[in-house]
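Let me begin by presenting the structure, written as structure tokens, before commenting on it.
The values are calculated or read from the model by the stated rules, or taken from the named source; none is laboratory data. Treat the numbers as computed from the prediction; the structure is a model and nothing was measured. Cβ atoms come from the backbone with ideal geometry, glycine included; neighbour counts cover every protein chain shown.
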2 protein chains.
Amino acid sequence: MTGNETADGAEKRRFVEVAKRLIAERGDLVSRAAVATGASVSRARIEAVFPAEADLLDAIVEQWFDEPVAIMEEVLASDLLANRKMYEFFARRFVLNRQRYRADPAAFKVYCDLGTAQFDRLDSYIDLGDHYLCELIAQAQADGAFEGLAIDQALSLINQMVLPYTLAEVLTYMDERLSEEKLGRIVDTIFAGLSAANGGAQGVTGLRAA
Amino acid sequence: MTGNETADGAEKRRFVEVAKRLIAERGDLVSRAAVATGASVSRARIEAVFPAEADLLDAIVEQWFDEPVAIMEEVLASDLLANRKMYEFFARRFVLNRQRYRADPAAFKVYCDLGTAQFDRLDSYIDLGDHYLCELIAQAQADGAFEGLAIDQALSLINQMVLPYTLAEVLTYMDERLSEEKLGRIVDTIFAGLSAANGGAQGVTGLRAA
């Protein structure tokens with residue numbers, strides 16, 4: 001990395017910090033123009049860093065995911081058993097989101113709406129999470145869990161069963177119902193009960209059975 | 001019920017039908033004034049049926065839940081095994097919501113936003129669903145499932161694990177990832193794995209373990 005790139009990176013981070021401060025103050029998204037004013041720089045200087053408005057949004061989203069990505073990597077690199085690792089994988093990011101939500105519910109809602117509106121921007125983060133979860137599933141299967149399921153089947157089912165703990169906006173309407181203890185029981189349930197065995201819940205006659 | 005009440009009920013239903021048609025046409029909520037115009041009646045006549053704007057919204061929400069409430073009652077009254085019953089309890093309402101979503105995604109989004117904005121109005125429906133799910137859990141526990149868990153613990157954990165299939169708006173961004181087959185596997189996982197046994201996922205050292 002050259003000295004110039006480092007300086008550019010520092011300036012970009014500073015602009016994103018200004019954008020986050022403005023989002024917290026206003027409870028709404030901000031434009032490059034507002035960030036330029038807030039950072040006391042020229043419009044041209046902001047546009048050199050963010051050629052389009054979308055680049056500013058991208059940078060905000062990217063920084064939002066810095067910590068959760070670090071958490072995933074730290075958990076994956078640990079030597080925990082697969083069930084402990086999967087719990088930490090979800091719980092640490094849930095606790096981070098809950099801290100962010102409780103620190104500023106209005107700003108958190110803006111980031112959730114930004115995520116919903118710019119769902120495509122989340123793709124690379126979601127893909128990375130799925131990639132790491134597949135590694136965890138493979139480790140768990142090597143230890144005998146999730147018998148008979150293909151990794152992508154287990155991936156989808158696990159993602160769905162822990163959705164309240166990964167979909168950030170769920171915090172905005174059921175924070176008080178979510179807890180690390182419940183997430184622990186859900187991960188225990190997944191390890192104790194998820195397999196390709198047909199337990200018969202769906203039945204053979206589909207929705208007409210009752 | 002007197003003849004007058006029946007006539008009032010029919011008029012109320014007609015106004016709600018007009019409101020739903022306008023919501024589908026506009027992709028937005030409607031006022032009593034718009035419904036009066038759409039139904040070719042006077043403002044006074046609408047206000048006799050809906051004294052406040054909130055009463056119109058209440059009536060729309062109430063009608064939205066007519067079918068799912070009937071589904072829950074039909075499933076509860078059936079003689080299926082507990083796991084089959086729980087699957088049908090969630091799956092039939094999920095399939096209904098998916099039909100509604102696919103028939104008119106824009107109108108469906110309006111109803112989701114209405115539900116989010118008027119969350120209190122959903123309370124009696126959510127309470128009724130919880131009441132019935134508690135009955136299902138008691139039946140399942142009588143058959144040996146969910147060992148050691150209090151009914152309200154099992155209730156909360158099950159509600160969380162099937163959230164993608166009950167939270168209507170999830171359809172608007174992951175319809176293609178949801179299926180009756182996956183819901184069946186989730187219910188199988190719940191019956192095979194949910195208990196008060198501590199499987200150790202959460203660990204004793206909390207989030208500092210890794």
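Remark: pairs (first residue in the stretch B:51-63, free of Cβ contacts under 8 Å to residues at least 12 places away in the same chain; second residue surrounded by 15 or more Cβ atoms within 10 Å (Cβ to Cβ); Cβ separation under 8 Å; 6+ apart in sequence or on different chains) = B:Asp55/B:Val49. Going residue by residue through the stretch B:89-103, is there one that turns out to be in contact with a helix residue (DSSP H, G or I) (Cβ under 6 Å, 6 or more places away or on another chain), buried (at least 18 other Cβ atoms within 10 Å of the Cβ) and without any contact (Cβ under 8 Å) to a residue 60 or more places away in the chain? Yes. Taking (1) hydroxyl-bearing (Ser, Thr, Tyr); (2) farther than 22 Å from A:Thr166 by Cβ; (3) at the interface with chain A (Cβ under 7 Å from one of its Cβ atoms) in turn, B:Ser156 satisfies each apart from (2). Any residue at all in the stretch A:175-194 that is in contact (Cβ under 8 Å) with a residue 12 or more places away in the chain, closer than 30 Å to A:Glu53 by Cβ and at the interface with chain B (Cβ under 10 Å from one of its Cβ atoms)? No, the stretch A:175-194 contains no residue that is in contact (Cβ under 8 Å) with a residue 12 or more places away in the chain, closer than 30 Å to A:Glu53 by Cβ and at the interface with chain B (Cβ under 10 Å from one of its Cβ atoms).
Do the conditions hold for A:Ala107, that is, is it within 11 Å of chain B (Cβ to nearest Cβ), in contact with a helix residue (DSSP H, G or I) (Cβ under 7 Å, 6 or more places away or on another chain), at negative phi and among the small types (Gly, Ala, Ser)? No, not satisfied.
Within the stretch A:63-79, the only residue that satisfies the criterion of being facing chain B (nearest Cβ under 9 Å) and surrounded by 18 or more Cβ atoms within 10 Å (Cβ to Cβ) is A:Val75. Taking the listed residues B:Gln141, B:Gln118, the one that is more than 23 Å from A:Val170 (Cα to Cα) and more than 7 Å from chain A (Cβ to nearest Cβ) is B:Gln141, with no other qualifying. Residues considered: A:Thr166, A:Thr172. Of these, the only one that is facing chain B (nearest Cβ under 10 Å) and either crowded, with 22+ Cβ neighbours inside 10 Å or on the phi < 0 side of the Ramachandran plot (or both) is A:Thr172.
Could you tell me whether A:Ile23 is β-branched (Val, Ile, Thr), in contact (Cβ under 8 Å) with a residue 60 or more places away in the chain and either touching a Cys at 6+ places or on another chain (Cβ under 6 Å) or surrounded by 14 or more Cβ atoms within 10 Å (Cβ to Cβ) (or both)? Yes. Every test in (1) hydrophobic (A, V, I, L, M, F, W, C); (2) surrounded by fewer than 17 Cβ atoms within 10 Å (Cβ to Cβ); (3) touching a helix residue (DSSP H, G or I) at 6+ places or on another chain (Cβ under 6 Å) is passed by B:Met86 save one, and that test is (2). Only helices (runs of 4 or more DSSP H) whose full extent lies in the stretch B:161-210 are considered here, and the ones with at least 1 residues that are among the hydroxyl-bearing types (Ser, Thr, Tyr), in contact with a Ser or Thr (Cβ under 9 Å, 6 or more places away or on another chain) and modelled with pLDDT of 95 or more are B:180-193.
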